[in-house]
Amino acid sequence: MVRNVLMMGPPGSGKGTQAVRLAERRGWAHISTGDMLRAAMAAGTELGSRVKDIVERGDLVPDDLMCDLVEQRLNEPDTENGFLLDGFPRTVEQAEGLMERMAESRKLDCVVLLRVADEVLIERALSRGRADDTEDTIRHRLEVYRRQTRPVLDFLDDRVRRVEIDGVGGIDEITVRIERALDAANPAEDRS
Ligand code: AMP
């Protein structure tokens, strides 16, 4: 069964929204590194103060720090029945770290890629009104995505099955598309 899933998509693609819904529907742990970092910043922890400036610029937090954070999170018992990674890995180095450190039971089964055109992305991101969402920051994050995160897809292509979803449409409609694609990605022996 597909149960350890990586949700990918450019900033503003709706991957966060879909990740929450999907994790809830399937009983999987939702692991959003952006949420984890924002929580640390809001709580004023040591991690939070280390990453604050980086996150506010829309740059990427150092890979080793992110890998430690996710490794710890994946060791928590609620990931046993499945998990949905949202916002990690964002660089090839992070993807390598994940592959090396991930226990056998936490191996990724599937990458879900949400596809959305750039103009739609900018429009959507501006309407979210988050503190780190000015138009410049959004464009910068799109650029960072293209330069650093797209190559993660190529890296993972040799290792993990990928399904691509059209990310333009109603929220429910897109959830249905993702769930259908995940069910179709189950190995044949599970479906019979
Ligand atoms: P997100 O909510 O996923 O868009 O993340 C918000 C911000 O947190 C990003 O713009 C980065 O500054 C930081 N961040 C989140 N996840 C990662 C990651 N895997 N690697 C590096 N930085 C990250």
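The values are calculated or read from the model by the stated rules, or taken from the named source; none is laboratory data. Remember, predicted model here, so these are calculated numbers, not experimental data. As a convention, Cβ positions derive from the backbone with ideal geometry for all residues, glycine included, and neighbour counts pool all protein chains shown. For accessibility, only protein heavy atoms count, side chains too; no ligands or nucleic acids. Shrake-Rupley method; radii C 1.70, N 1.55, O 1.52, S 1.80 Å.
Sort through 84, 108, 69 and tell me the only one that's touching a Leu at 6+ places or on another chain (Cβ under 8 Å) and over 15 Å from residue 4 (Cβ atoms). First the steps, then the outcome.
Working: 84 fails: over 15 Å from residue 4 (Cβ atoms); 108 fails: over 15 Å from residue 4 (Cβ atoms).
The unique qualifying residue is 69.
All but one of (1) hydrophobic (A, V, I, L, M, F, W, C); (2) within 14 Å of the ligand (Cβ to nearest atom); (3) in contact with a helix residue (DSSP H, G or I) (Cβ under 8 Å, 6 or more places away or on another chain) hold for residue 108, so report the exception by its number.
(2)
Taking the residues in segment 129-181 that are crowded, with 16+ Cβ neighbours inside 10 Å, among the aliphatic types (A, V, I, L, M) and touching a helix residue (DSSP H, G or I) at 6+ places or on another chain (Cβ under 8 Å) as candidates, determine which candidate is farthest from residue 104 (Cα to Cα).
Among residues in segment 129-181 that are crowded, with 16+ Cβ neighbours inside 10 Å, among the aliphatic types (A, V, I, L, M) and touching a helix residue (DSSP H, G or I) at 6+ places or on another chain (Cβ under 8 Å), the one farthest from residue 104 (Cα to Cα) is 138.
Within segment 178-190, is even one residue among the small types (Gly, Ala, Ser) and closer than 15 Å to residue 116 by Cα? I'd like the intermediate steps shown before the answer.
Within segment 178-190, the first condition is being among the small types (Gly, Ala, Ser), and the residues that meet it are 181, 184-185, 188.
After this cut, where a residue has to be closer than 15 Å to residue 116 by Cα as well, the list is none.
No, the conditions are met nowhere in segment 178-190.
Out of segment 43-68, which residues are without any contact (Cβ under 8 Å) to a residue 60 or more places away in the chain, near the ligand (Cβ under 8 Å from one of its atoms) and open to solvent by 40 Å² or more (accessible area, probe 1.4 Å)?
Of everything in segment 43-68, those that are without any contact (Cβ under 8 Å) to a residue 60 or more places away in the chain, near the ligand (Cβ under 8 Å from one of its atoms) and open to solvent by 40 Å² or more (accessible area, probe 1.4 Å) turn out to be 62, 63.
Note down all Cβ pairs under 6 Å where the first residue falls in segment 156-173 and is touching a residue at least 60 places away in the same chain (Cβ under 8 Å), the second is open to solvent by 90 Å² or more (accessible area, probe 1.4 Å), and they're at least six residues apart or on different chains.
167/115
If I ask for residues that are of a type in the set (A, V, I, L, M, F, W, C) and either more than 7 Å from the ligand (Cβ to nearest atom) or touching a Phe, Trp or Tyr at 6+ places or on another chain (Cβ under 7 Å) (or both), which ones from segment 74-97 would you list? If you could, list the steps in order and put the result at the bottom.
Here is the first cut: in segment 74-97, the ones of a type in the set (A, V, I, L, M, F, W, C) are 74, 83-85, 88, 92, 95.
If the condition is that a residue be of a type in the set (A, V, I, L, M, F, W, C) and either more than 7 Å from the ligand (Cβ to nearest atom) or touching a Phe, Trp or Tyr at 6+ places or on another chain (Cβ under 7 Å) (or both), then 74, 83, 84, 85, 92, 95 are the ones that fit.
Does segment 13-30 include one or more residues that are surrounded by fewer than 17 Cβ atoms within 10 Å (Cβ to Cβ), part of a loop (DSSP other than H, G, I, E, B) and away from the ligand (no atom under 14 Å from the Cβ)?
So far as segment 13-30 goes, yes, one or more of its residues are surrounded by fewer than 17 Cβ atoms within 10 Å (Cβ to Cβ), part of a loop (DSSP other than H, G, I, E, B) and away from the ligand (no atom under 14 Å from the Cβ).
Taking segment 141-151, which residues are at pLDDT 90 or above and more than 10 Å from the ligand (Cβ to nearest atom)? Before you say what the answer is, go through the steps one by one.
Let us first name the residues in segment 141-151 that are at pLDDT 90 or above, namely 142-143, 145-147, 151.
Across segment 141-151, the qualifying residues are 142, 143, 146, 147, 151.
Among the numbered criteria (1) over 16 Å from residue 33 (Cα atoms); (2) outside any helix (DSSP H, G or I), which single criterion is violated by residue 143?
Tallying (1) over 16 Å from residue 33 (Cα atoms); (2) outside any helix (DSSP H, G or I), residue 143 fails exactly one: (2).
Can you name every residue in segment 14-38 that is over 14 Å from residue 130 (Cβ atoms) and of a type in the set (A, V, I, L, M, F, W, C)?
Scanning segment 14-38 gives 19, 20, 22, 23, 28, 29, 31, 36.
Exactly one of these conditions fails for residue 93: (1) under 24 Å from residue 53 (Cα atoms); (2) touching a residue at least 40 places away in the same chain (Cβ under 8 Å); (3) of a type outside the set (Ser, Thr, Tyr). Give me its number.
(2)
Condition test on residue 40, is it in contact with a strand residue (DSSP E or B) (Cβ under 8 Å, 6 or more places away or on another chain), part of a helix (DSSP H, G or I) and surrounded by 15 or more Cβ atoms within 10 Å (Cβ to Cβ)? Quick ask: steps written out before the conclusion?
Details: in contact with a strand residue (DSSP E or B) (Cβ under 8 Å, 6 or more places away or on another chain): no; part of a helix (DSSP H, G or I): yes; surrounded by 15 or more Cβ atoms within 10 Å (Cβ to Cβ): yes.
So residue 40 does not fit the description; no.
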